[in-house]
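Notes to accompany the following structure.
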Amino acid sequence: MFEIDHPKPSMQLLGQDGNIFSILGQASRLLKASGQDAQAKEMAERVYASQSYEEALHIISEYVETELSSSHSVQKTTKKKEKNVYER
């Protein structure tokens with residue numbers, strides 16, 4: 001993991017084309033534009049070594065602020081699950 005001296009740049013994942021390399025490229029450009037070249041390189045290396053698309057998105061979200069970043073609160077539903085007589 002890395003130490004952040006600069007604030008995390010923000011980007012939105014929602015509406016992206018879904019291509020992980022496109023998302024990685026955008027995140028990398030944002031980091032480099034904010035003077036975080038080393039973090040951009042580290043992020044890319046970790047994404048290339050990741051085992052899944054979801055893991056890659058979470059790695060990117062550690063470096064740039066996205067909907068998946070830990071500072072975003074997770075919304076929980078308060079709706080109770082309906083009982084279904086067929087459910088086991």
Output the residue which, of all residues in the range 11-35 that are among the polar types (S, T, N, Q) and in contact with a helix residue (DSSP H, G or I) (Cβ under 8 Å, 6 or more places away or on another chain), is nearest to Glu65 (Cα to Cα). Ser28
List the residue pairs whose Cβ atoms are under 8 Å apart, where the first residue sits in the range 1-21 and is on the phi > 0 side of the Ramachandran plot, the second is modelled with pLDDT of 90 or more and assigned to a loop (DSSP other than H, G, I, E, B), and the two are 6 or more positions apart or on different chains. none
Of the residues in the range 21-74, how many are small (Gly, Ala, Ser), in a loop (DSSP other than H, G, I, E, B) and within 15 Å of Pro9 (Cβ to Cβ)? 4
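Here's the yes/no breakdown for (1) β-branched (Val, Ile, Thr); (2) modelled with pLDDT of 90 or more:
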{"residue": "Leu14", "(1), (2)": "no, no"}
{"residue": "Leu30", "(1), (2)": "no, yes"}
{"residue": "Ala38", "(1), (2)": "no, yes"}
{"residue": "Val47", "(1), (2)": "yes, yes"}
{"residue": "Val64", "(1), (2)": "yes, yes"}
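The values are calculated or read from the model by the stated rules, or taken from the named source; none is laboratory data. Everything numeric here is computed off the predicted structure, so don't read it as measured data. Here Cβ is always computed from backbone atoms with ideal geometry, including for glycine, and neighbour counts include all displayed protein chains.
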